1. Does Y53 qualify as being within 26 Å of M194 (Cα to Cα) and either in contact with a helix residue (DSSP H, G or I) (Cβ under 9 Å, 6 or more places away or on another chain) or β-branched (V, I, T) (or both)?
2. So A90 passes all but one of these: (1) of a type outside the set (K, R); (2) open to solvent by 10 Å² or more (accessible area, probe 1.4 Å); (3) closer than 30 Å to V228 by Cβ; (4) not in a loop (DSSP other than H, G, I, E, B). Which condition number does it fail?
3. Can you find, within segment 125-146, the residue that is farthest from L249 (Cα to Cα) among those that are over 15 Å from the mean Cα position of the chain (by Cα) and open to solvent by less than 40 Å² (accessible area, probe 1.4 Å)?
4. Of all residues being closer than 23 Å to R85 by Cα and touching a helix residue (DSSP H, G or I) at 6+ places or on another chain (Cβ under 6 Å) in segment 270-279, which is least open to solvent (accessible area, probe 1.4 Å)? Just the residue, please.
5. For residues that are more than 16 Å from V251 (Cβ to Cβ), assigned to a loop (DSSP other than H, G, I, E, B), open to solvent by less than 50 Å² (accessible area, probe 1.4 Å) and polar (S, T, N, Q), tally how many sit in segment 147-197.
6. Could you tell me whether segment 233-253 includes any residue that is closer than 22 Å to I118 by Cα, without any contact (Cβ under 8 Å) to a residue 40 or more places away in the chain and in the same structural domain as S198 (by the TED database)?
7. Exactly one of these conditions fails for R54: (1) modelled with pLDDT under 95; (2) open to solvent by 90 Å² or more (accessible area, probe 1.4 Å). Give me its number.
8. Does K215 qualify as being touching a residue at least 24 places away in the same chain (Cβ under 8 Å) and under 24 Å from T298 (Cα atoms)?
Amino acid sequence: MKMAQRIVALLVLVLVVAGTVFFWNPLWVADQQIRYHLWREGVESKYVEAGGYRMHYFEAPAAKGTAGTPLVLVHGLGARGEDWRVMIPALAAKGFHVYAPDLIGYGRSPKPDANYSIAMEEAAVMHFMDAVHLSRADVGGWSMGGWIAMKLALDHPELVDRLVVYDSAGIYFPPAFGPELFVPTDAGGVRKLMATLSPEPHDLPDFVTRDVLRKFAHDGWVIQRSMVAMESGHDLLDFRLHQLERPTLIVWGGKDELIPLSVGEKLHELIPHSALRVVEGCGHMAPLECSKPVVASTVDFLRADPPIEGGEKVISAAK
């Protein structure tokens, strides 16, 4: 009887501790769930010395029995490798050997005192590819990551086979927001950011919002420096994209309010022979929230022989 009581008491204690951890650190708990899911899917969490930094990355070999086409995925502003959590295993299952690094300043990579420019992050991707022994790869970039990927393809076309950009920055457009959007300081700012990123934002409980704000207060300086560097215009690609020779796919959420579809259409106009796919009903988070058609479009493009050139297509989010 006493043993049963002790077991019950221990279980109650475990539940109390778990509930306390979740209440005070919900983002940490969510991260553990994401990483466990990735591990279950065969995605490995690794570190590598690259360009003088110990960069964190996820790696997912292709399905057993295949060498896999190397594919590097570059995340966006304020993001990290985990944001590719749906696409990494899905693309690996389709025969790609996927690498998703945390850029310098983001995720579990170092946060040095630096300017965090597009050029700096491009160099980080180059050093990463060299460190994991990739002489060439297909490259995908999301938002700011698309800007980095396009610059890489322009500056070092020998490193890039095919290019896919998702709701990408990189050319000038008049934003409908200020830089404060990306580093909110109160609950209203968090709600505004989420509503800008997704046409169907989730309502966060107060304790989760508090944890989100703590994270921005701790790491927001990196985002702010990235924004300053981007707003300087030094790395804008408006007058260079006509030189981009790599086969390029542009994927866009039709309801993107952060970087509107008109920017994707302009990229399509500027990049020779590019193809445009618009996922109806999706916002800036299309690779996460509308992953099924995004993965399908990506695989179709990267596998096409000869490469797909030109054309526009609207695809359903449910496809």
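The values are calculated or read from the model by the stated rules, or taken from the named source; none is laboratory data. As the structure is a prediction and not an experimental result, all values here were calculated from the model. When we count neighbours, we look across all protein chains shown, and the Cβ atoms used for this are built from the backbone with ideal geometry, even at glycine. All accessible areas refer to the heavy atoms of the entire protein, side chains included, with ligands and DNA or RNA removed. Shrake-Rupley method; radii C 1.70, N 1.55, O 1.52, S 1.80 Å.
1. On the way: within 26 Å of M194 (Cα to Cα): no; either in contact with a helix residue (DSSP H, G or I) (Cβ under 9 Å, 6 or more places away or on another chain) or β-branched (V, I, T) (or both): yes.
When the stated conditions are applied, Y53 does not pass them.
2. (3)
3. Here is the first cut: in segment 125-146, the residues over 15 Å from the mean Cα position of the chain (by Cα) are 126-138.
When the remaining residues are screened for being open to solvent by less than 40 Å² (accessible area, probe 1.4 Å), the result is 128-129, 131-132, 134, 137-138.
Values: F128: 23, M129: 21, A131: 27, V132: 25, L134: 21, A137: 15, D138: 11 Å.
Ranking the candidates gives A131 first.
4. Of segment 270-279, the ones closer than 23 Å to R85 by Cα are 277-279.
Cutting the leftovers down to touching a helix residue (DSSP H, G or I) at 6+ places or on another chain (Cβ under 6 Å) gives us 277, 279.
On the way: R277: 32, V279: 0 Å².
Here the residue is V279.
5. 0
6. Step one: filter segment 233-253 for residues closer than 22 Å to I118 by Cα, giving 233-252.
Applying the additional criterion that residues be without any contact (Cβ under 8 Å) to a residue 40 or more places away in the chain yields 239, 242.
Restricting the remaining residues to those that are in the same structural domain as S198 (by the TED database) gives 239, 242.
Within segment 233-253, one or more residues are closer than 22 Å to I118 by Cα, without any contact (Cβ under 8 Å) to a residue 40 or more places away in the chain and in the same structural domain as S198 (by the TED database).
7. Of the numbered conditions (1) modelled with pLDDT under 95; (2) open to solvent by 90 Å² or more (accessible area, probe 1.4 Å), the odd one out for R54 is (1).
8. Details: touching a residue at least 24 places away in the same chain (Cβ under 8 Å): yes; under 24 Å from T298 (Cα atoms): no.
Against the criterion (touching a residue at least 24 places away in the same chain (Cβ under 8 Å) and under 24 Å from T298 (Cα atoms)), K215 does not qualify.
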